[in-house]
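Right, one structure below, let's go through it.
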Amino acid sequence: MTIFEAVKSTVTPRMAAEHFGLSISRNGMVCCPFHDDGHPSMKLNEDYFYCFGCGAKGDVIEFTSRLFGITALEAAQKLSADFGIQTGKPSVLAKLNRHRTQAENERLCFRVLSDYLRILEGWMTDCAPQSPDAEPDPRFAEACHMLEYVKFSVELLTEGTSEEREDVIKNLLKDGQITYLQERVKRIKEESNEQI
Ligand SMILES: [Zn+2]
């Protein structure tokens, strides 16, 4: 189970809104935090939110990511920490990654990020909505959320000073983010192989 799935199956948009201090009416309506809303126009459903004022909608991760201006992954990590969600035992990859040298870490981060970047760039074009009101493909949404961050990190790892590279790596190793991405890339590759 990914951190996204674990969070979504545990935390409803309503639970998150409550947790972040928004005041919710008895019928699950709340003043929309994404537009200037004087009267509650956002409905918090079991697995998504929808604003009748500005049309904002999405799942609990989208809600949190927009509320705090953070990426989907950061939002999932925040929710998982705030609600004490366990995403399973540390995997074999996580255990291996604990014993790497700085140079190995740098190579690992670069390899995983470059792979992920190629996948995201593919999705950005291949999974783009065909019409303005088409339901967005989750892969396209992931590409929109992650592309700039991943691209920037790869650039820093390629052209940055040694300090910048160290910073990128430190951030990626923190909370096992690189392990998460490594497993994500592995799974995407397996899934696309299955489709062939
Ligand atoms: Zn709104």
When the label point is put 7 Å from the Cα of residue 85 along its Cα-to-beta-carbon vector, which residues of segment 27-64 have a backbone N closer than 12 Å? 59-64
Assuming R0 = 41 Å, can you tell me the calculated FRET efficiency for the pair residue 135 and residue 156, based on Cβ-Cβ distance, to the nearest 0.05? 0.75
Does segment 3-82 classify as rounded, prolate or oblate by the C-alpha gyration tensor (a ≥ b ≥ c root eigenvalues; a/c under 1.5 gives rounded; else a/b over b/c gives prolate, otherwise oblate)? prolate
Neighbourhood net charge (13 Å Cβ-Cβ; Lys/Arg +1, Asp/Glu -1) for residue 81: -1
The chain: Cys lacking any partner C-beta under 4.7 angstrom: 31, 54, 109, 127, 144
Could you check which residue among 39, 19, 145 shows the biggest mean-square fluctuation in a GNM of the chain with a 10 Å Cα cutoff? 39
When only DSSP loop residues count, what GluC sites (Glu not before Pro) in segment 1-55 have their Cβ near at most 11 other Cβ atoms within 10 Å? 46
On a C-alpha basis, how far is the centre of segment 30-90 from the centre of segment 137-196 in Å? Whole number, if you could? 23 Å
What is the distance, in nm, between label points placed 7 Å from the Cα along the Cα-to-Cβ direction at residue 5 and at residue 189? 2.0 nm
Probe radius 1.4 Å, ligands and nucleic acids left out: which of 43, 189 has the largest accessible area, and how do the rest follow? 189, 43
Where does the chain land at 222 nm, in deg cm²/dmol rounded to the nearest 500, when only DSSP H runs of n ≥ 4 count, each adding -39500 (n - 2.57), divided by all residues? -19500 deg cm²/dmol
The chain: angle of helix 102-126 to the longest principal axis, Cα-based, in degrees nearest 10: 50 degrees
Please compute the contact order of the chain in relative form: average sequence separation of alpha-carbon pairs under 8 Å and at least six residues apart, divided by the residue count, as a percent. 16 percent
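The values are calculated or read from the model by the stated rules, or taken from the named source; none is laboratory data. Since the model is a prediction, treat every value here as computed from it, not as a measurement. Positions of Cβ are generated from backbone atoms using ideal geometry, with glycine treated the same way; all protein chains shown enter the neighbour counts. Just so you know, the surface numbers come from the protein's heavy atoms only, side chains and all, with ligands and any DNA or RNA stripped out. Shrake-Rupley method; radii C 1.70, N 1.55, O 1.52, S 1.80 Å.
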